[in-house]
Structure formats: structure tokens, C-alpha cells
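The values are calculated or read from the model by the stated rules, or taken from the named source; none is laboratory data. The shown structure was predicted, so the numbers you read here are calculated from the model rather than taken from an experiment. Methodologically, a virtual Cβ is constructed for each residue, glycine included, from the backbone with ideal geometry; neighbour enumeration extends over all protein chains shown.
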Amino acid sequence: MASNKKYWQSVEELNENSSIVETLRNNEFVEEIPTDEFLGDKETLESSSTSRRDFLKYVGFSTAAASLAACEGPVIKSIPYVVQPEEIIPGVADYYATTMNDGFDFANILIKTREGRPIKVENNVLAGAKFSANARVHASVLSLYDSMRLKQPVIAGKPASWEEVNAKVKAGLASAGAGQVVVLTGTTASPSTDKLIAEFGAKYPGFRHVVYDAVSSSEALDAFQAVYGDRALADYDFGKADVILSVGADFLGDWQGGGFDKGYAAGRVPKQGKMSKHIQIEANMSLSGASADKRIPLTVTEQKYALVAIYNAITGAGVSVPAIANKAYAEAVAKAAQQVKAAGSAGVVVTGLDDVNAQLLVIAINNALQSAAFNPAGARLVRKGNAKAVAQLVADMKAGSVHTLIMNGVNPVYTLPNSADFVEGLKKVKLSVSFSLKEDETASITTIAAAAPHYLESWGDVSVAKGYYAVTQPTIRPLFNTKQFQDALLAWSGNAQDYYTYLKASAVATGKTWNQLVHDGVAVSEVAPVSAGAADFAGAAANLAAVKASGKLELVLYTKTGMGDGQQANNPWLQEFPDPITRVSWDNYVTVAKADAEKLGLENWNVANGGLNGSYVSIDVNGKKLENVPVIIQPGQAVGTIGLALGYGRKEGMKKEMTVGVNAYTLYNGLNSFQSATLTKEVGEHEFACVQLQKTLMGRGDIVKETTLKDFNEKDASEWNIMPVVSYDHKEVPAASIDLWESFDRTTGHHFNLSIDLNACTGCGACVIACHAENNVPVVGKSEIRRSRDMHWLRIDRYYSHEETFAGDVTLKEGTSGLMNSISTFNAMEDPSENPQVVFQPVMCQHCNHAPCETVCPVAATSHGRQGQNHMAYNRCVGTRYCANNCPYKVRRFNWFLYNKNSEFDYHMNDDLGRMVLNPDVNVRSRGVMEKCSFCIQMTQATILKAKREGRPVNKDEFQSACSEACSSGAMVFGDVNSKEDPIVALKEDDRAYHLLSQIGTQPNVFYHVKVRNT
């Protein structure tokens, strides 16, 4: 019997006379209701006379329309493989070994690809991999998908073909005659490229190959060449040093190519009661200074005096040298020299001073010590620019002597301090060619702008140091009509080979087959020992001691951890990356000591919305003026000095949102990082995007726990790693022993923990960018960062001490009593010391076993998994933000807006090309949704499935998260605590292990290790 029961899809159908239902029934394809056009227009809303009754009609119509059309979904066109490539399995990542080499950064890396798209950079951990990926290298995969890239060659401002380019260049070279043909490149560090350039130049009598690095190490190269005969840089293994003394060298940053953090961290973690001692003498607060046991802030002039005093103490020389003005600092320098001398071969001295005399003294000191950490035999072949040759080239161009100038990987119009002279000379060059990723400041005014491929689209070889040889291989077909510089040189030389064939034939003999070399990405060979030649070290010391202070402020130019030399200034990940020291993103600024700021009337202050503001100044260096430079008052800045980062102020080949900061290269006279400067306060105030306004811990010793090496060795762990207690039945019991909830059995299956060693963390931020790449973290821009709406899943908190040490802060806090005394003391403790201790603390979701966020979510969007991860179900989240309010670690991030496919946030997620970097294993979150660290659950599940497919248990160190995988210093270790062989088990049982805010009973699955200082 048929049923007469009627089914309805919405309450509107109960109204038999509803015109809405009839309209919808006759409209098979329902168009989207343009409510945004009305509701999104403020003027329309204000002029509207809509009554409340009419408004309710609109709402009713919308509800009915949405209900009846709910079964219709969007159509997404999929293009299947006609012939599926054998090496690609949809949903499974492929990895390729390659080498990043842009003339400033060098790294041996693996590239993760999905369905042919490179989406992430990882470290190559095979034996022989010399350089690990820093924050910029991790971000370089996004630069591949930069929408501002040159998409084809351009001749005289008009698009052209490569055939036209070849014809024009060949004709120009044929007419060169006696005119100079010059190839201007950055450091290639490529044996095959150097060989090819030499072969190309052999045809032209006036040929020169000039190497130009935007950030010069020319003085260090000159000193090494004077002693050892090779134009190279000494290598250092800080893991072999018991005492490290640095004079102006930020060796944990970009000094001499970076990559020293792994060896440094190995010696900084206490083992069998021992760890290295690190003393840093510097002007700007740097990553190295922040990690030092003892930091001595001196002007650049006084650093030179200090280096002579150290030279005298260690070698026994008696060069007369002026005294350092501050007696305490002078005594600290003398003590440091004696400690290095006592260490003998286990001591090492380095310097970053751009002075050939200073560099000669360091070589003399390390040879006198017979330092095991000093390695001239395995010298580095990076940063090989020649400042004198560049100056001569500019002079020849202005004189009209240069007929043809071919440039690759350089942007001298932006980076040269005398760029006006270069531009003037370029007008007299008959033929100029610039191989560039973008139509930058230089490429936009050359005869030919040659579209160059990204390194992930290129072949190449790299020798970053003697005994090391690496290969660069393409991981994707070229996205645009680009051509490698090397292929062009071969064509212009009349060589019919392509560069791949040439490279394969020219590859350095390594004992590996070509296929094995490409697979591994790197090969290592023995190097012959070298002996030091004669050099006038005493004369160098005398010259250094004769330096006089100018009486002005001393400007120290440096490179920021995120931006480097500015090549990737159009990369939104790097622009939004907070500087590890100042915690400011989207800007460069002049750093000033508090004492100097007070003299000049310069200020920083917080405003009502939580933003940081500051004064403006103009900087004058020998008549060159840089105007409207914002000011940051920097704790630890040496009095009488100021700092300013290079790499900002780009204008060409950039999105409008990325054109931030000022161009400090204009003050980089003589390619020397030290300049005498005058500051003048300007009117106005600058709005910073700063992610951390709280500078100190104010004596909260339970957040970042510290101790000295002496106490660590002599006292019980309960005295220096104090575990909090609570009152239970009127008795003090360990806080960790009390549960508000019944605990579940966590011994079955996998249970993930993350260990963070505060001794090994250098604050480099590689983990932050790796997290962005792995988890599709959006970029929100300067305005939103300023409103404290940053979306970083992982932050690295930086704290200064109020007293000279953090221990002094704790003592001061504990000695405070009385209401008025407490208020005044704690107010004062918000200000850092003039020379504070510094600590970095990475903080992400702690994945609490008793998570406060889970108990307050009204829709169960956040819950706990059996493997220890705190989950987020994005499509359940309704955005109440109760979880964020209830999180004691403040690690949850709310999507205030839709950050993808939104022109208001015109970054990589707003164009099809930029979205190619997105990880398909991770959701792209929408507006109104909460998000946070997931312990990279997609990575842990992929590891489990891989082991299951191969019929084996997961290996003891196979589990990784994006942050632990990126951490080259070993500070972050991820693993399964239920696997007794996993290294995480021993780390959790270590006496230094503690949980953050363990007294509140959240039972995190992230734990930290007490920071030990070798004072």
C-alpha cells in the first residue's frame, strides 16, 4: 500500500502559498545570493531604509535558499594522468637531494615533492652534508612560486625570445674588439661554472670575471690568502673547542656562510659534567651574543683594542694598545684571554671585524694555540667576492672601457653603496645582460633582462669547502620560459652541448658514480694539510692598535636572520618571520643603546591596541643620509654604537606589501660593515609589527629554569631543577602526582613527546619556517601582526634578564616584601639590564594529557588522541575561542579572516602559482576556525603507514615533526616514549627535564631541559 506521507526539506514548504518555494523549485541551478554586495558596502547600509520586517524577510529567504540548495556542491575539475609517471604515486611524497646556492646561502638539502611540486625543504643528513638549512633556505621553496618572477627574457623593456637574445648577444660580443668583456657574478662555489666562464672568456682579450658579494668577506679572504696562498675562509668546528672567544663574529648567524650551529650545540649540552665556555665581544646584540655565557659589549674601535690585547696575552707579544674605557669590561677581556690561553688547543678565537689586520691576528692566535677547532686545510670556498675588483669595475665602466657586461645572480644597482656610479657607468656599456629571477633594480635597466630559473629548476655543482662536492638537480620542470646562465654561455661560446652534459663531463672525481652522486647529493674526499706562510702579524697588531675613534656613533651593519642579504625580500614567510632578538617583523630599524636613546630623546612605547611604536631618525654617514629610519631601543647594544640591517628597502620586482624598510646598503661604504655615523631625531612615529612586548621574565624562574655548571655538577637535581608542589590533605606533595581527572592508559601503542633543550637552542628560527611549509600556516601581514593576530603555530620567546643574570632576577623577586615595595620592584623588573643575559624558548601547543582547551570546547572540536596529540577538527569548530582563553600557554591561533583567495591578504595564498606550495596533506583553514600545532600528525601517520606497508616496526628515530626535522642543532627531538629504544625516552628521564607550568596539572607532552650556563 502506497504511503501518503509527505517529506519536506525546509519549514518554508509548510506554507502552501510560499512564492519562495515555487521559485526555487523552478530554478535547477541556484545562483549565489549577492549578500556581500549589499552587506559589505558601508555606504549602502548607511543609506538603506530597510525596516526590521524587511530584514527578517531577507534572512528567511536566505535560510530557505541555503536549505534547499544544500545538496548541491561545487564542481572541481580534475585532470587525470593519461600516462602516469612511474616515479609518482599520487598521495606519496618523493624526495630529491640537491644543494641550495644563491651566493649568500649554501645548504645540502632534500626537497619534498608531491605530484611533481616541490613543497618543502628538509636537511640532507647523509654523511658529508656540510651546511644545514637555515630559515631562508627553508623559505626558498616559496620563492619558486613567486608571482613576480620574470617569465621570459626582455630586450629593451619588451618581451623577446631566446633566439633573439642569443642573436643580440653574439652580435654584441663580435663587435667588442678591444673593449672589455666582463662577467659579474656572486660567489658561484661551482667548479664547472668557473671552468665554463674561463673557457668563455678565453676568446676575448679584455675578459675579466669579477666576483661580487652584496655582503662582503673580502678582508677575511685577503688575510687568509696572505697566510695560506688561497682566497678562501678558514673553517671551524666549535664542537672541538672548550673555550670559544668571538670578537664581533655572529657565528650562529650568517658569519662566513653560517652553518656552525651543529658543532657549537654539541659542545654546549652538558655531558659528564663538562660543556664549552663561550665568551662574546660585540656591539650589536646577536644570536651568538644571546647564547654566550659571558657577553662584553664594546664599540668596534674597542673590539680592535681587545683583539690586540688577546693577541698579546696568547702569543706573548708586547704591542702597545690603548686601554678599554670601561674598567670592568677591560678586566673581562683580560680574563677571557687567559681562559683561552689556558685551554690551549681546546681554545679558539674568531672575529667578524672587516679589517684585514684583525683577521690576520685571529689566524696568528689560533696557530699559536694550535687550535683543534681551527681548520685552514678544509677552508670554505664561499663569500669569495673581491671588493677591490668591484671598485675597479665601476671605475672602468664610468671610463667607457667596458663593452659587454654579463651579470648573474647579482643586483648591484640595489646593493652597491655607490649604485649611482654603477648606473652612470652602465649607460656607457654597449651591451648589458642580467640573469635574474625578477626584473629587479638592475635587470630593469639593462639591455637584456634574461629570465633565470630557480635553483629547484636547475642543474649545477657546488664545492662549499675543500674536500666537499655537491650536486644541484632540478626537482620540477621550469615553470616559465627561463634559461640557465651556464646554458646561455655555452650557446654564446658556440658549444652545442647543454649544461647538463657539460656538468656531467666536468664533474669532480669523487669515487661515486654519477647516479650515486645525484642520489646522495654530496660526496666527501680527503684534504691535504696546509702550512701557514710568513705574515707580518706584529705589524697587523700595531696597525690595529693605532686605530682612533671618530668621536661619532659607530654604525654596525648586519644581516637579519630572516632576510639575509635581501634576495628573498618578496618572500612573505620571511617578511613575517619575527627577528629572534627584537621580535619585530616586516621592518628593519636602527638599534640604539638605552643611554644613547635618552641623550637623543628617542623612545619606544606601547599603544592601546598592543602595538609597539617608536621614534624616527636620520642617519648620516660621510654626507650620505638615510631618512626616516625607525628606532628600536635594544638591550645589550654597546653604548656609542648603533646597528642597522641590510636587505630591506627593495622597490623593483616586488609586491607592494613587501616594499618595507630602508635600504642600508647606501651606507655600506667600501663594503665595510663598520661606519661612523651621526643620528638626528625626526618628527613622527613608526608603527612596528612586534609579536612580543614583554621583555623580561620578572623573576619567574619556573618558566625558564637555569643553573650554573658548578651547581649542576655539585648539587642534587632537586636543588636546581625544583619541581613544584601543591597542598593535598594538608601536606605538600609533587604537583605532578595530583590529577583532577582519571588518567587513561597511555602505555599501549605510540605516545609522542617533544624534547626541547634550552642549551642547544640558538633561536635561529628554522623550525618556524619549516612549520609554515609543512602545515600551510597563513601569512596575515603587518597590520594584523600589529593587532596580535599572528598565525605562527610555533613561536620562539626571547627573554632578557633585568639584573645582569636571571639568577639575580629570582633573588630580587624572592627578596621583595610589602605591597608598595613589590609594586615598585616589579615595575622596575619589566625593564631589561643594559647588558642582560638572554634565553630563547620555543613554545608550541604542549599537547597536554589533561588539556584545559578540551574541557571548554562546546562542540568537541578539540579532543585528545591515544597517541598524545591534541586534535583539532576544523569543520566542527564554531570559533568561540574558549579554548584560546583557557590555554595557559597561549599557543592557539584564530582565523579572524579568510587568508587564502582573498585580495585583502595578497600573499602567496592569493594566487594559483603561490598555492602550489601548499601541502595537500594538511587542510587550509577558513575564517572563524581555531588552529594550532598538531605535532605534525600527518607526518606521524605517514611514518606508521610506511612501516606497516613494509612489514616492520617503526625505527627508533624515525618519527619526526617539522620542527624537529629542521632543527640542525639538535635542540628539538621528537619521538615515541612507548618505544624504549627511542632517544626521547632517555631525554625524558634526564635530570634536566621539566614541564612548562607543571604546577597547574596539564601534564604536557612537550618537555624542556634546564639551561646550564658555564659562568
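Some observations on this one:
- Residue match in segment 196-212 (condition: in a helix (DSSP H, G or I) and free of Cβ contacts under 8 Å to residues at least 40 places away in the same chain): yes
- Restricting attention to segment 920-957, the residues that are over 30 Å from Asn886 (Cα atoms) and in a loop (DSSP other than H, G, I, E, B) total 9.
- Out of Asp982, Asp957, sole residue that is surrounded by fewer than 21 Cβ atoms within 10 Å (Cβ to Cβ), assigned by TED's automatic domain parsing to the domain that holds Tyr874, without any contact (Cβ under 8 Å) to a residue 40 or more places away in the chain and not hydroxyl-bearing (Ser, Thr, Tyr): Asp957
- Residue list for segment 907-918, restricted to those being closer than 12 Å to Pro778 by Cα and in a loop (DSSP other than H, G, I, E, B): Tyr907, Leu918
- Count of segment 790-824 residues, restricted to those that are within 30 Å of Arg892 (Cα to Cα) and of a type in the set (A, V, I, L, M, F, W, C), is 6.
- Tally of residues being without any contact (Cβ under 8 Å) to a residue 60 or more places away in the chain, surrounded by fewer than 15 Cβ atoms within 10 Å (Cβ to Cβ) and not β-branched (Val, Ile, Thr) across segment 711-740: 13
- Residue within segment 474-484 that is buried (at least 22 other Cβ atoms within 10 Å of the Cβ) and outside any loop (DSSP other than H, G, I, E, B) present: no
- Qualifying residue in segment 303-322 (condition: closer than 25 Å to Asn284 by Cα, surrounded by fewer than 17 Cβ atoms within 10 Å (Cβ to Cβ) and in contact with a helix residue (DSSP H, G or I) (Cβ under 6 Å, 6 or more places away or on another chain)): yes
- Ala509 vs. criteria more than 19 Å from Glu199 (Cα to Cα), over 25 Å from the mean Cα position of the chain (by Cα), surrounded by fewer than 22 Cβ atoms within 10 Å (Cβ to Cβ) and at pLDDT below 90: yes
- Residue in segment 123-146 that is farthest from Lys560 (Cα to Cα), counting only those that are in a loop (DSSP other than H, G, I, E, B) and not aliphatic (A, V, I, L, M): Gly128
For (1) of a type outside the set (S, T, N, Q); (2) at pLDDT below 90; (3) more than 19 Å from the chain's Cα centre (by Cα), each residue gets a yes or a no:
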{"site": "Glu732", "(1), (2), (3)": "yes, yes, yes"}
{"site": "Arg746", "(1), (2), (3)": "yes, yes, yes"}
{"site": "His750", "(1), (2), (3)": "yes, no, yes"}
{"site": "Asn753", "(1), (2), (3)": "no, no, yes"}
{"site": "Ile756", "(1), (2), (3)": "yes, no, no"}
{"site": "Cys764", "(1), (2), (3)": "yes, no, no"}
{"site": "His772", "(1), (2), (3)": "yes, no, no"}
{"site": "Asn775", "(1), (2), (3)": "no, no, no"}
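- Test: Val518 is closer than 29 Å to Asp230 by Cα and part of a helix (DSSP H, G or I): yes
- Residue count for segment 116-164 under the criterion of being closer than 20 Å to Cys963 by Cα, among the aliphatic types (A, V, I, L, M) and within 18 Å of the chain's Cα centre (by Cα): the result is 8.
- Neighbours by Cβ (under 6 Å, 6+ apart or cross-chain): first from segment 218-241, assigned by TED's automatic domain parsing to the domain that holds Ala265 and hydroxyl-bearing (Ser, Thr, Tyr); second assigned to a strand (DSSP E or B) and surrounded by 19 or more Cβ atoms within 10 Å (Cβ to Cβ): Tyr228/Pro376
- One residue stands out in segment 244-273 among those that are assigned to a strand (DSSP E or B) and touching a residue at least 24 places away in the same chain (Cβ under 8 Å): the one that is surrounded by the most Cβ atoms within 10 Å (Cβ to Cβ), namely Leu245.
- Total residues in segment 886-906, condition over 19 Å from Leu794 (Cβ atoms) and in contact with a Gly (Cβ under 8 Å, 6 or more places away or on another chain): 1
- Condition met for Leu517 (surrounded by 19 or more Cβ atoms within 10 Å (Cβ to Cβ) and without any contact (Cβ under 8 Å) to a residue 60 or more places away in the chain): yes
- Selection from segment 660-719 of residues that are part of a strand (DSSP E or B) and farther than 27 Å from Gly647 by Cα: Thr696, Glu706, Thr707, Thr708
- Some residue of segment 541-552 being in a helix (DSSP H, G or I), touching a Leu at 6+ places or on another chain (Cβ under 8 Å), touching a residue at least 60 places away in the same chain (Cβ under 8 Å) and within 24 Å of Ala306 (Cα to Cα): yes
- Residues of segment 447-476 classified as in contact with a helix residue (DSSP H, G or I) (Cβ under 7 Å, 6 or more places away or on another chain) and farther than 29 Å from Ala379 by Cα, total: 6
- Put simply, of Ser444, Ser371 the only residue that is more than 27 Å from the chain's Cα centre (by Cα), over 19 Å from Glu652 (Cα atoms) and among the hydroxyl-bearing types (Ser, Thr, Tyr) is Ser371.
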